Protein chains: 2
Amino acid sequence: MATQNVLILGAGAIGAFYGSLLSRLATLRVSVVCRSNFRAVSTSGFRVTSPTFGEYTWKPFKVFGKPADAGNPALGGLRKWDYIVVSTKALPDVSDDSVLLNGLVGDGTKVVLVQNGLGVEEPYVARWSSKGVRVLSAVTIASCEQVEHGVIRHNRWTRINVAPFKCPNDTGRDFVRWLNEVGVRDAKFDPEEKMQMLRWHKCAINAAMNPSSVLSGGAPNVDMSLDEEMSRHLIGVMQEVIDTAPKVVGIEMPKEFATAEQILASTKKNDSKSIPSMQQDWAKGAKMELEVILGAPIKLARAKGIEMPRLQSIYALIKMKQKRRDAGHKL
Amino acid sequence: MATQNVLILGAGAIGAFYGSLLSRLATLRVSVVCRSNFRAVSTSGFRVTSPTFGEYTWKPFKVFGKPADAGNPALGGLRKWDYIVVSTKALPDVSDDSVLLNGLVGDGTKVVLVQNGLGVEEPYVARWSSKGVRVLSAVTIASCEQVEHGVIRHNRWTRINVAPFKCPNDTGRDFVRWLNEVGVRDAKFDPEEKMQMLRWHKCAINAAMNPSSVLSGGAPNVDMSLDEEMSRHLIGVMQEVIDTAPKVVGIEMPKEFATAEQILASTKKNDSKSIPSMQQDWAKGAKMELEVILGAPIKLARAKGIEMPRLQSIYALIKMKQKRRDAGHKL
């Protein structure tokens with residue numbers, strides 16, 4: 001196979017973790033676009049620790065300080081990448097990040113969106129599919145964090161599911177095979193509709209845990225799951241999403257997906273005191289992924305005449321909370 | 001008519017306002033039990049300002065520093081009061097305040113509960129009805145605040161509805177007539193079932209506005225009502241309560257009660273930037289009336305096999321928020 005050039009756009013914890021693994025294949029040249037961690041990574045690369053893959057340093061092929069640099073040959077960039085992995089936070093209410101691919105993609109480029117929530121693919125399809133760019137949709141449950149700039153701690157799980165989105169059926173199989181080859185045994189290639197159900201299913205978990213932590217003042221996952229009234233609420237939110245998904249997507253929820261009760265039971269056993277990522281964002285004053293995790297499912301359901309009362313209440317409350325902080329109110 | 005002895009238990013804004021009006025009748029001797037405002041009131045009485053009744057000072061017949069003193073003849077107390085108006089905050093999860101009537105009531109004493117929420121009457125009936133005490137249930141929409149100890153500002157509205165609760169049909173008509181006589185033209189005597197619908201209806205408003213302000217970081221009523229997503233949520237919560245009430249109480253919601261849309265429209269026009277009382281409590285670190293406004297309707301509905309998804313989510317979130325603050329977490 002000819003050498004393939006892979007660009008990780010948004011080399012935070014998840015992007016750097018999978019990028020570092022892909023780079024183990026001799027046929028792949030993996031580069032990264034960094035933002036806040038640019039200085040650390042361009043000097044020393046990434047330091048990764050993982051219960052599955054051990055402890056290692058990864059020096060990306062090229063480290064770029066912004067997306068445009070990755071398209072500038074004078075800086076080692078390419079006018080057309082083979083693969084671009086987008087692992088930025090999805091904030092469609094703040095910016096349309098599909099525009100960042102300007103000057104980096106062309107006919108045959110595959111863009112893998114490793115992002116949470118619903119509706120993240122459409123802006124990329126709308127902007128790029130007529131140029132021959134192919135969009136892949138991916139969901140991972142890997143738990144990774146960047147504990148300091150360039151230092152990635154992989155906590156547990158490696159599973160990532162990848163599927164074509166509005167492009168030919170087999171697009172992206174090679175990407176999954178590469179992941180399998182470097183040891184991500186549970187990287188899996190899925191058909192498009194199943195991916196949408198996976199996204200809804202993960203959205204059920206995110207929509208329950210994430211905003212509830214922010215609204216209740218920063219509660220850890222395990223504390224919420226062990227509180228009697230809160231556990232009813234969490235199951236209620238997850239069930240609302242799980243019940244709505246088949247009506248919107250048009251297929252049954254796959255039988256092997258965990259039920260709301262199973263997810264809650266598993267959260268109760270998580271003694272890590274982990275805090276949902278949305279609360280981590282809130283605590284550091286960053287924007288939260290409200291639109292892709294709450295706004296999008298509500299909108300998709302409403303278009304089919306279905307209301308999601310719990311989700312809508314949560315969405316309204318957390319948006320108002322963010323709006324008040326943005327306006328400078330002391331909360 | 002023989003002189004009637006009336007005791008206001010919990011002489012905050014609402015209790016002092018109605019007490020000061022009742023005291024205008026020569027046949028009533030109105031005394032008060034104060035807590036934080038005892039020193040100010042026993043020295044100078046209450047200073048009341050009202051758009052309806054003007055500006056005046058009210059010196060209660062007796063001012064007691066605690067409920068037990070009101071039953072101690074050596075301090076001017078009585079072993080049996082004719083009327084006791086209970087206008088304390090209703091916090092059944094913190095304390096059963098019906099016990100405070102110990103030594104103050106006997107056969108024929110009427111207890112008027114001017115409190116928000118649902119289920120406030122039962123503890124009083126359970127403890128006292130076998131002793132011949134009669135319980136009246138009351139709801140007011142008067143907007144009053146105690147701007148400093150002993151200084152009561154009546155903002156607007158005077159309406160108070162009073163009804164017997166599990167006692168003979170006409171019990172308490174005299175109390176309403178007295179209010180009418182001193183100028184509260186919209187004091188109204190209602191049958192028991194209608195009072196329960198009034199309580200549910202007011203609960204719809206409280207359950208929507210109060211916790212939403214706390215969860216969104218202190219938003220004023222008008223700001224919430226003017227926010228598009230929030231207004232959907234507020235209508236959703238009110239509608240959920242309004243739809244549930246007839247199924248629990250067993251009669252239709254009276255046609256003359258405002259709809260959720262009408263309540264929202266009226267809130268949009270309220271340019272006072274008023275903050276819901278629950279948020280005022282939260283801001284000063286006080287306990288919130290979560291049980292009577294949220295817990296009770298959820299429990300009553302559940303006993304009939306009805307779930308209230310929006311209310312339950314709000315209830316779980318705000319309880320968790322309070323629990324975290326009580327545990328000393330920085331929010």
Compactness of the stretch B:220-331, expressed as Rg and Dmax over alpha-carbon positions, Å
15.5, 47
When you look at the Cβ of every residue in A:194-201, what mean number of other chain Cβ atoms sits within 10 Å?
0
5 angstrom amide H check on B:D190, placed H, neighbours 5+ away:
B:V162, B:A163
Using only DSSP helix segments of four residues or longer, with each worth -39500 (n - 2.57), what per-residue ellipticity at 222 nm results for chain A after dividing by its residue count and rounding to 500?
-12000 deg cm²/dmol
For a distance above 50 Å, tell me the whole-number percent of Cα pairs in the protein assembly as shown that qualify.
28 percent
Please list, ordered by chain and number, the residues whose modelled amide H lies under 5 Å from the amide H of B:I8; skip anything fewer than 5 residues away on the same chain.
B:S31, B:V32, B:V33, B:V85
Which whole-Hz ³J(HN,Hα) couplings does the stretch A:102-113 yield from phi under the Karplus relation 6.51 cos²θ - 1.76 cosθ + 1.60, θ = phi - 60°, glycine and proline marked x?
3, x, 10, 10, x, 3, x, 4, 10, 10, 9, 8
Least to most buried among A:S129, A:S23, B:S36 (fewest other Cβ within 10 Å first)
B:S36, A:S129, A:S23
Starting from the Cα-Cα distance between B:K80 and B:E148, subtract it from 0.36 nm times their residue separation and give me the gain in nm to one decimal.
21.3 nm
In square nanometres, what is one fourth of the surface area of the convex hull spanned by the alpha carbons of chain B?
16.8 nm²
In straight Cα distance, which aspartates and glutamates are under 17 Å from A:K110, not counting same-chain residues fewer than 8 positions off?
A:D82, A:D97, A:E121, A:E122, A:D170, A:D174, A:D190, A:E192
With the alpha-carbon atoms as the only input, what is the per residue convex hull volume for the stretch A:196-237 in Å³?
61 Å³
Amide H neighbours of B:A90 under 5 Å, counting only residues 5+ apart in sequence or on other chains, H built in-plane at 1.01 Å?
B:N116
Note on the stretch A:204-288: contact order normalised by length, alpha-carbon pairs under 8 Å, 6 or more apart, percent, works out to 45 percent
Give the longest segment of chain B that steers clear of GluC sites (Glu not before Pro) in DSSP loops with at most 14 neighbouring Cβ atoms within 10 Å, not counting the sites themselves.
B:1-251
From the phi angles alone, apply the Karplus equation (6.51, -1.76, 1.60; θ = phi - 60°) to the stretch A:135-145 and give each ³J(HN,Hα) in whole Hz, x where the residue is Gly or Pro.
9, 10, 10, 9, 9, 10, 10, 4, 9, 10, 9
Could I get the Rg over Rh figure for the stretch A:4-190? Both from C-alpha atoms, Rh via Kirkwood, rounded to two places.
0.93
Can you run phi through the Karplus equation (6.51, -1.76, 1.60; θ = phi - 60°) for the stretch A:118-126 and list ³J(HN,Hα) in whole Hz, with x for Gly and Pro?
10, x, 6, 6, 3, x, 6, 5, 4
Would you mind giving the mean number of other chain beta-carbons within 10 Å of the Cβ of each residue in B:235-241, as a whole number?
2
Separation between Cα centres of the stretch B:59-137 and the stretch A:96-119, rounded to whole Å
68 Å
Please give the net charge around B:T158, taking every other residue with its beta carbon less than 10 angstrom from that of B:T158, where Lys and Arg add +1 and Asp and Glu add -1.
+2
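Any read-out appearing in this document is the output of simple, stated calculations on the displayed coordinates, not a laboratory observation. As the structure is a prediction and not an experimental result, all values here were calculated from the model. Cβ atoms come from the backbone with ideal geometry, glycine included; neighbour counts cover every protein chain shown.
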